[in-house]
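The structure appears right after this line, and notes come after that.
The values are calculated or read from the model by the stated rules, or taken from the named source; none is laboratory data. No experiment lies behind these values; they were computed from the predicted model shown. All Cβ positions, glycine included, derive from the backbone under ideal geometry; neighbour counts span all protein chains shown.
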């Protein structure tokens, strides 16, 4: 086993060795033939030898008293120690003080389950050895099996080979080869119950027989005292740990309750992101907090919350970090990188957002909803490694779970509100459509229909511009029979050949044209009437009347961008379709009326002709014929003057 720095041998060991030498000399003295005088001398010599070999009870008492004093001193010191390393240092220093000339004094701990041995006293710092990598474990197996002290006062080379006692540095390698070869060694196990938790190691490489039975007894007593103290310290540490965990859990629960109470009042998604993000930044005092949601269809991560060193940042959507995304989807577990983050950036695909600083510690927790990862919460520390603990991971997981539930509730609420709003909007649209159709049912002239629909659109949509345009394919002429401007007044636009403007785009389109900015409107060729602007939002829907007439129903907003939704386009399409039907009906009615009038006129003409022909049939004189026809013409045409001339060339 290893060596350590120390100084010289105890005095009592010297006394005992001197006593053993005197005893040896006395036993080896030659015997002679006895004579009477010699017998007397021999008897006296025997009494002297007995006196010399008799136990020195005074010395033994002094020694026992010294041992008790040492033990009491150690126990008093241990009673005041509740930290593990303090106990190791106290006992180790006392052993060094007792065995001043022993070069190697070590205190080792041993964890059988973890297969770890640690030097807790006797070397610079704490040295740890992974015994799972060592093939020859006979030394540790001896103590596990016997739980007995191992004293080697002679033939240390042979004993080291028997028990597998190697120099300490050898335990850093799979195959230890260099055994302890010279001097004396004493190993005393530290027992807690029946389990070996460590040992004292004393080695003197300069001398054999360096340790006496009293040394063994003293170290065993110190080992027992130290084992009790270590167990007390362990129990104290465990109690403190449990107390700290309990306090920490209570604090975590308080934080979680605070967040959940806030979440209970939030039903909009961004409000939830802001509430949780601000709370996380405050709880963890984190330099960087991000909350990202994944759009799988577009393969984009949308950052709904990001703060760095107190400043909110609003990054654009970007592709998700593939390494982190893959890990979270495969494990559904947090990802904690507390060191060497810069070296691992390529491995995980981590990139620094432009304008921000690279992190040294990184924690990502998945947002799981319905068993599927929908996003992530990340904490980052720019200045420190090991910034996040296991309790941080646990708390952030709990907050992520609470946030996931809140987001799902908000989504369901939004979905319910959307469906309710759509239902209400559809009902409102149907009411508008029914109102328009009822009005159209009573309108049979073209201009009245346009006025009814145009006025209803202006009142319903709250727009600043409404117009209805037509294009006659037969004549190539465009007209704007209904045009109301921003000042709530009609605008006259003369008929003209169809210009290449935005109106033409709508007339020949197959679907609505919805534009949300002035730039988009101008790009489509908008030309407003004199004194008017093109506005900021534009919605036009095409329709057709019969086979020859194209129409466009158009609304615009002067100041609001992206003013029109898909539902607005759908409603305008429905109204345009209803108007198209009404206009076609009006055209057919007009055509029917024209044909009826022509038919009636032809009948009247035929009646007049028949009447004249009947009169003419009874007239055989010329003047009578002139008078009959003249009178009939005056009657038919209500003419004030009628003249019939004859011409004789």
(message) Suppose we filter the range 318-347 for residues that are assigned to a loop (DSSP other than H, G, I, E, B) and crowded, with 18+ Cβ neighbours inside 10 Å; how many remain?
(response) 3
(message) over 30 Å from residue 453 (Cα atoms), in a helix (DSSP H, G or I) and free of Cβ contacts under 8 Å to residues at least 40 places away in the same chain: which single residue out of 644, 609 fits that description?
(response) 609
(message) Can you go through 283, 307 and tell me which one is within 15 Å of the chain's Cα centre (by Cα) and either buried (at least 16 other Cβ atoms within 10 Å of the Cβ) or assigned to a helix (DSSP H, G or I) (or both)?
(response) 307
(message) Looking at the range 622-633, I want the residues that are free of Cβ contacts under 8 Å to residues at least 24 places away in the same chain and have a partner that is surrounded by 14 or more Cβ atoms within 10 Å (Cβ to Cβ) and in a helix (DSSP H, G or I) with Cβ atoms under 7 Å, at least 6 apart or on another chain. Which pairs are those?
(response) 625/616; 628/615; 628/616; 629/612
(message) Please determine whether any residue of the range 402-411 is over 30 Å from residue 379 (Cα atoms), under 52 Å from the mean Cα position of the chain (by Cα) and either in a helix (DSSP H, G or I) or in contact (Cβ under 8 Å) with a residue 40 or more places away in the chain (or both).
(response) no
(request) Give just the number: which of (1) more than 30 Å from residue 120 (Cα to Cα); (2) at pLDDT below 80; (3) surrounded by 14 or more Cβ atoms within 10 Å (Cβ to Cβ) does residue 277 not satisfy? (result) (2)
(request) Output the qualifying pairs, or none if there are none: Cβ atoms under 6 angstrom, residues six or more apart or on different chains, first residue in the range 242-253 and closer than 15 Å to residue 390 by Cα, second residue surrounded by 12 or more Cβ atoms within 10 Å (Cβ to Cβ) and at pLDDT 75 or above. (result) 248/391; 252/395
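Answer yes if at least one residue in the range 350-367 is farther than 22 Å from residue 278 by Cβ and not in a loop (DSSP other than H, G, I, E, B), and no otherwise.
Within the range 350-367, none of the residues are farther than 22 Å from residue 278 by Cβ and not in a loop (DSSP other than H, G, I, E, B).
What about residue 598, is it surrounded by 10 or more Cβ atoms within 10 Å (Cβ to Cβ), without any contact (Cβ under 8 Å) to a residue 12 or more places away in the chain, over 60 Å from the mean Cα position of the chain (by Cα) and closer than 21 Å to residue 543 by Cβ?
The answer is no for residue 598.
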(message) So, in the range 419-436, how many residues would count as being modelled with pLDDT of 80 or more and either assigned by TED's automatic domain parsing to the domain that holds residue 258 or surrounded by 18 or more Cβ atoms within 10 Å (Cβ to Cβ) (or both)?
(response) 0
(message) If I ask for residues that are assigned to a loop (DSSP other than H, G, I, E, B) and either touching a residue at least 12 places away in the same chain (Cβ under 8 Å) or crowded, with 17+ Cβ neighbours inside 10 Å (or both), which ones from the range 468-486 would you list?
(response) 473, 474, 476, 485, 486
(request) Consider residue 592 carefully, then state whether it is in contact (Cβ under 8 Å) with a residue 12 or more places away in the chain and in a helix (DSSP H, G or I). (result) no
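Residue-by-condition table, conditions (1) at pLDDT 80 or above; (2) surrounded by 13 or more Cβ atoms within 10 Å (Cβ to Cβ):
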site: 550; (1), (2): yes, yes
site: 558; (1), (2): yes, yes
site: 563; (1), (2): yes, yes
site: 576; (1), (2): yes, yes
site: 585; (1), (2): no, yes
site: 621; (1), (2): yes, no
site: 628; (1), (2): yes, yes
site: 643; (1), (2): yes, no
site: 647; (1), (2): yes, no
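Could you check the range 127-154 and list, in sequence order, the residues that are outside any loop (DSSP other than H, G, I, E, B) and in contact (Cβ under 8 Å) with a residue 24 or more places away in the chain?
127, 129, 131, 133, 138, 139, 140, 143, 144, 150, 151, 152
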(request) Within the range 155-173, track down each residue that is within 24 Å of residue 222 (Cβ to Cβ) and touching a residue at least 40 places away in the same chain (Cβ under 8 Å). (result) 156, 165, 168
(message) Can you find a residue that is assigned to a helix (DSSP H, G or I), out of contact with any helix residue (DSSP H, G or I) (no Cβ under 7 Å at 6 or more places or on another chain) and either surrounded by fewer than 17 Cβ atoms within 10 Å (Cβ to Cβ) or at pLDDT 75 or above (or both) anywhere in the range 189-197?
(response) no
(request) Could you tell me which of the residues 393, 321 is outside the structural domain of residue 241 (by TED's automatic domain parsing) and more than 19 Å from residue 300 (Cβ to Cβ)? (result) 393
(message) Being modelled with pLDDT under 85 and in contact with a strand residue (DSSP E or B) (Cβ under 7 Å, 6 or more places away or on another chain) is the filter here; which residues of the range 142-167 pass it?
(response) 166
(request) Only residues that are within 20 Å of residue 114 (Cβ to Cβ) and free of Cβ contacts under 8 Å to residues at least 12 places away in the same chain: list them for the range 174-198, please. (result) 193
